[in-house]
1. Can you give me the accessible area per residue for the range 7-69, using a 1.4 Å probe, in Å²?
2. Sort 83-90, 72-79, 59-66 for me by packing, meaning the mean count of neighbouring Cβ atoms within 10 Å per residue, highest on top.
3. Ranking request for peptides 98-104, 4-10: highest mean number of other beta-carbon atoms within 10 Å first, then the rest in descending order.
4. So for each of 16-24, 33-41 I average, over its residues, the number of other beta carbons within 10 Å; can you give me the resulting order with the highest mean first?
5. Using the Kirkwood radius built from alpha carbon pairs, what does the Stokes-Einstein equation give as D for the chain at 20 °C and 1.002 mPa s, in µm² per second?
6. Out of the total accessible area of the chain (probe 1.4 Å, heavy atoms of protein only), what percent is carbon and sulfur?
Amino acid sequence: MKVVKISSVPTEEATSALFTGNIVTRQAPFEAGDSNNFNFGVVSFSAGSRNKFHKHSGDQILIVTEGTGTVATDDEEVEITVGDVVIIPAGENHWHGAPGDTAMAHITVTVKGSQTEQTEP
């Protein structure tokens, strides 16, 4: 068993081409070898930031922990807020973040080995 206080985990700016807008940060409370089954992280979007359309080779779960944001697919956009839990099936084209006036943070859980493909330039 491993217990981590998220307040003690360093925050790093996410500099990937996948993100657009203002500052996006990540926290990785667990090391790569801590789980054989999943990846886990906290992603914080400042107001006006989001990721670009992308898809994963495995399912993704988002758990909103702060603020209000949006999750979108090719067919719909849904406002999400604290306490909402979202499952995005493998292969579904989507984006998520805080494109409006408020910041948003979520926990993301993906299958170990899942690959991300950016589909928006």
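The values are calculated or read from the model by the stated rules, or taken from the named source; none is laboratory data. In this text, all values refer to a predicted model and were calculated from it rather than measured experimentally. Ideal geometry is used to build each Cβ from the backbone, glycine not excepted, and the neighbour counts take in all protein chains shown. For the accessible areas, the whole protein counts, side chains as well, though only heavy atoms, and no ligand, DNA or RNA atoms are used. Shrake-Rupley method; radii C 1.70, N 1.55, O 1.52, S 1.80 Å.
1. On the way: 3380 Å² over 63 residues.
So the range 7-69 comes to 54 Å² accessible per residue, rounded to a whole number.
2. On the way: 83-90: 13.2, 72-79: 11.0, 59-66: 17.8.
Output ranking for 83-90, 72-79, 59-66: 59-66, 83-90, 72-79.
3. Numbers: 98-104: 18.6, 4-10: 9.7.
Packing order, densest peptide first, comes out as 98-104, 4-10.
4. On the way: 16-24: 15.3, 33-41: 12.3.
Ranking, from highest mean packing down: 16-24, 33-41.
5. Details: Rh = 14.5 Å.
Rounded, D is 147 µm²/s.
6. On the way: 3540 of 6980 Å².
Carbon and sulfur atoms account for 51 percent of the accessible area of the chain.
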